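The values are calculated or read from the model by the stated rules, or taken from the named source; none is laboratory data. Since we're looking at a predicted model, the values are computed, not measured. Don't worry about glycine lacking a Cβ; one is built from the backbone with ideal geometry, like all the others, and counts go over all protein chains shown. What goes into the accessible areas is simple: the full protein's heavy atoms, side chains included, and nothing from ligands, DNA or RNA. Shrake-Rupley method; radii C 1.70, N 1.55, O 1.52, S 1.80 Å.
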Amino acid sequence: MKADLIAFIFHLITVNCMVLNGNIKNNELDNACNLPAKLVNEIRSYEDIANIIITSLTNGKYKGETYKELARFVDKFGARFSGTENLENAIDYALDIMKQYGLENVHGEEAEVPHWVRNYETAELLEPRNANVPVLGLGNSVSTPEEGIVAEVIVVDTFDQLKSKNVSQNVKGKIVVFNEDWVSYGDSVQYRSHGASEASKLGAVAALVRSVTPFSMSTLHTGWQDYDDDVKKIPTACITKEDARLFQRYQDRGEKIVLRLNLNYTRYEDSKSRNSVGEIGGSTHPNKVVLVSGHIDSWDVGVGAMDDGGGAFISWYALAVLKGLGLRAKRTLRAVLWTAEEPGLIGWSAYNASHFHELENFTFVMESDEGTFAPLGIQYAAGTEGGCIIQEIVNLLAPINATQTKSSSSVGSDISSWTQSLIPGASLLNANSRYFWFHHTAADTMDVLNSDNLDKAAAVWAVVSYVIADLNDEFPRTRDSVTEEVKIILTTNNNYNNN
């Protein structure tokens, strides 16, 4: 089951990252759409409200405020890693500020989250020359022995090469360096997620993985990884793209490579955290929910401004703007700031379990976790009819040039199982070609973000969520109920380690 689940998640990541990299073209909705004129006219009747929302954020009372609130937040708390007191303090702050802005039913919902800490980590090249090698441990890695590891290096670029006869028989006792090419995030992240396990199966003493990024300025990119159940756990860390290629050149010239590794980490007992929730109750159908979300936790490097401070803050701030403008939709609008997304969708898993009985009342779900660069429109998983409705809605975003739509089999990270199996949903389509330059690095700071783009992203979030929540008829579903197949997906997808 675990292997099938991992394969399924890789599929979702690959599809989503194809969209992120611009490889999936705009859906051919012009030829497919045949919405009732009544529905089209109803959506178009929101033009004045959409313009009020857009103007308030881009040239009015709320202009620049999303960026200012996010900057205050990340400047105060910095990194917000799973299991830390700092994350819990940040969650307290988020709950308090949602209350200050008048959101309703503001509360936290508990989740048990992992707590892994990096203590110190060094790597030194001993042969063919002496040099320090920057390293950044991968989440959940075990430590080297106290005296460290000194071992020869073997470099591979694929799992197939690692398992080939000429290579596999020479792995035992060595440090495996994965110098994988960047294809897409979905393709390349598997080496970070599973490199240590695959190397361990052949007797390696440690695994180093080339940072998963298309562009590097000697940048280290961390991320979570898990060990297979049947392997010896070996220490694992990322190295820069430049150093991985350096080691490849040494090996290609037949030069012996020797490294000394000292990696020290602690895995504590799981601790309690919370998903942060704030709402605007529905005026007519309060039990029906349109959910907007992002995750509040971050990696322990950088300050998580891009991943995913921006997504979290446009979610609650979109509701704050609607509340400030006196707009209350027929259905409840709910902002959820997920905890512990980075170590494996842990917050979502707890939320899904506690709300499983009411998922059929979730009209639409949204998540922004692929950057808040210049918004282009909406990426959706909602079927053909749902896509046609979304296209009509995003046409209301013409004043900020965010009218594009793209279809996918699933969207989001936390919400991916929902949108693949049951609930129609959307993510922010934005000009994020540079997203993986900063992803999981010390460079994920406020300098990545742009105030005007955050305003526009919040406007997209507010307009789309409000209109869907206020339509007379329920948004169409591709599935009407929680089938046994859906139950399996929704109750087993709690170990997603490819963030």
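What the table shows:
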| read-out | value |
| --- | --- |
| Inter-site label distance for residue 181 and residue 100 at 7 Å from Cα along Cβ, in nm | 5.1 nm |
| Placed amide H near residue 106: partners under 5 Å, 5+ positions off or other chain | 279 |
| Angstrom value of the Kirkwood radius, inverse mean 1/r, which spans all Cα pairs in the stretch 231-390 | 19.4 Å |
| Square roots of five times the Cα gyration tensor eigenvalues for the stretch 84-133, Å | 45, 13, 7 |
| Simple spin-label estimate for residue 85 and residue 127 in nanometres, 7 Å along Cα-Cβ | 4.7 nm |
| Net charge over other residues, Cβ less than 9 angstrom from the Cβ of residue 470 (K, R count +1; D, E count -1) | +3 |
| Residue-wise HN-Hα coupling along the stretch 427-442, computed from phi with Karplus coefficients 6.51, -1.76, 1.60 (Hz; x: Gly, Pro) | 10, 7, 7, 9, 7, 9, 4, 9, 4, 7, 5, 10, 4, 6, 10, 5 |
| Accessible carbon and sulfur surface of the stretch 290-439 relative to its total accessible area, %, 1.4 Å | 48 percent |
| Förster-model FRET efficiency, 41 Å R0, residue 266 and residue 401, C-beta, rounded to 0.05 | 0.25 |
| Euclidean distance between Cα centres, the stretch 27-97 to the stretch 393-415, Å | 13 Å |
| Inter-label distance for residue 358 and residue 63, nm, one decimal - labels placed 7 Å from Cα along Cα-to-Cβ | 3.9 nm |
| Given charges at Cβ of Lys, Arg, Asp, Glu: the chain dipole, positive-most of 257, 423, 399 | 257 |
| FRET efficiency for residue 172 and residue 218, using Cβ-Cβ distance with R0 set to 41 Å, rounded to 0.05 | 0.85 |
| Given 99/330; 76/330; 241/406; 406/456; 99/288, the pairs whose alpha carbons are separated by over 29 Å | 76/330; 241/406 |
| Sequence of 217, 366 when ordered by accessible area, the most exposed leading, probe 1.4 angstrom | 217, 366 |
| The stretch 32-166 - Rg over Rh from alpha carbon coordinates, Kirkwood radius | 1.20 |
| Interchain or long-range residues, amide H under 5 Å from residue 285's placed H | 331 |
| Whole-number accessible area per residue in Å² for the stretch 295-364, which is evaluated in the context of all protein chains at 1.4 Å | 18 Å² |
| Hypothetical label at residue 40: residues of the stretch 365-390 whose amide nitrogen lies under 12 Å (7 Å Cα-Cβ projection) | 389 |
| Cα gyration tensor category, rounded, prolate or oblate, for the stretch 58-103 with a/c compared to 1.5 | oblate |
| Area accessible to solvent at residue 389, 1.4 Å probe radius, in Å² | 10 Å² |
| Normalised alpha carbon radius of gyration of the stretch 160-207 [divisor 2.2 N^0.38 Å] | 1.13 |
| Gyration tensor (Cα) of the chain, equivalent ellipsoid semi-axes in angstrom | 42, 22, 21 |
| Solvent exposure, largest accessible area first (probe 1.4 Å, DNA, RNA and ligands not counted), of 48, 229, 96 | 229, 48, 96 |
| Residue-level accessible surface for residue 104, protein heavy atoms, 1.4 Å, Å² | 50 Å² |
| Cα-Cα P(r), the stretch 196-235, percent of pairs per 10 Å interval | 28, 42, 26, 4 |
| For the stretch 214-287: Kirkwood Rh in Å [reciprocal of mean 1/r, alpha carbons] | 18.1 Å |
| Heavy-atom accessible area ranking, 1.4 Å probe, most first, across 115, 285 | 285, 115 |
